[in-house]
1. Using only the Cα atoms of the stretch 148-221, build the gyration tensor, take square roots of its eigenvalues as a ≥ b ≥ c, and label the shape rounded, prolate or oblate: rounded if a/c is under 1.5, else prolate if a/b is larger than b/c, else oblate.
2. Using 0.36 nm per residue of separation minus the Cα-Cα distance, give me the extension gain between residue 152 and residue 125 in nm, one decimal.
3. In which sequence would 154, 223 go, from the one with the fewest C-beta neighbours within 10 Å to the one with the most?
4. How much length is gained on full extension from residue 118 to residue 287, taking 0.36 nm per residue of separation minus their Cα-Cα distance?
5. Taking 0.36 nm per intervening residue step and subtracting the Cα-Cα distance, what contour gain separates residue 179 from residue 223 on full extension?
6. Give the span of the stretch 156-301's Cα atoms along each principal axis, as three whole-Å numbers ordered largest to smallest.
7. Could you compute the FRET efficiency for residue 216 and residue 137, with r as their C-beta to C-beta distance and R0 at 35 Å, rounded to 0.05?
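Each reported figure results from applying straightforward, stated rules to the coordinates on display, with no laboratory input. Since the structure is predicted, the reported quantities are computational estimates derived from the model, not experimental observations. A quick note on method: Cβ atoms are made from the backbone with ideal geometry, for glycine too, and the neighbour counts reach across all protein chains shown.
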Amino acid sequence: MAITAIIAIAVILCSLTVLFYRRYVKKAFDSIDRVLDGVLARNTELSLEAAADSRLSKLTHKAIKIMQMNVLDISQTTQEKEIIQSFISDMSHQMKTPLSGVAMYTDLLLEGRMTETERQEFLSRIKTGTEKLQWMMDSLVKMSRLEVGAVELSPVAAGIKQTISDSISAVYGAAAKRNISLQTAYFEDMALLHDRKWTGEAITNILENAVKYSPSDGEIKISVEALPIYTKISVTDYGVGIAPDEWNSIFKRFYRGRNAQGVAGAGLGLYLASLIFQKQGGYILVESKPGKYTTFSMFLQNCKK
């Protein structure tokens, strides 16, 4: 009799255990189902109330993290798509004018009804247009390679005097044609952390801007000042100037200031220069008074002693 009672009790306990386990499993699966429904609905605010069990709580937490990562990836993809679309639109706009000019003057030359003077003038304009297109393409390639990391700058301790001298030489001819003097204040050479090739290109871009926006018979001043952490390289011109509300915008890709109208350019030089300095742990600042002066200050890291 005792054995029969024990067996009966055991059967009842087993039945109750199976019943409670089935309820637990059903509740667990219902919770998992709700979590998965939330994932499918892209709901980043899933409730943890139904996941009191630590394992279900972990599952819900992981699902929320997955959804947040998914939302972030979608947001980044959307931003990248907008940037690419804007870039293509800006590039198309910048190339339209020189391409239209080249096409128009080529058609006129093919017609053949012109004087020798006109023919030479049209050829000169075609050459100018193609040179601008070539410069834009070269700048775009450099810019894109720097942005995606296809080109790694190699900043090393090197004397800055030679880098600045090379940049001045690159713009000397353009400055001489307009009788613009390039005045460099005396400074002792110093070793700065920089990639000579790319830094030279950035400084050249700044100097080219200074030459373009300076009046004929004007002057451009170049100076170097050692600071505790950085060394400042300044280029000052006394041309049209830049309004304060444009100081940040001028370093954006394809941006051209209000005072730049009528002056050849594509709005890439300052952006590329800023990008090159950023890649080396440096930066560029601008200070200007419209109609008076503009100073671009470039900062490179000093070498540790």
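1. Oblate is the answer for the stretch 148-221, as a/c is 1.5 or above yet b/c matches or exceeds a/b.
2. 6.0 nm
3. 154, 223
4. Once the chain is fully extended between residue 118 and residue 287, it gains 56.5 nm.
5. Gain on stretching residue 179 to residue 223: 13.8 nm.
6. The principal-axis extents, from largest down, are 41, 30, 24 Å.
7. 0.70
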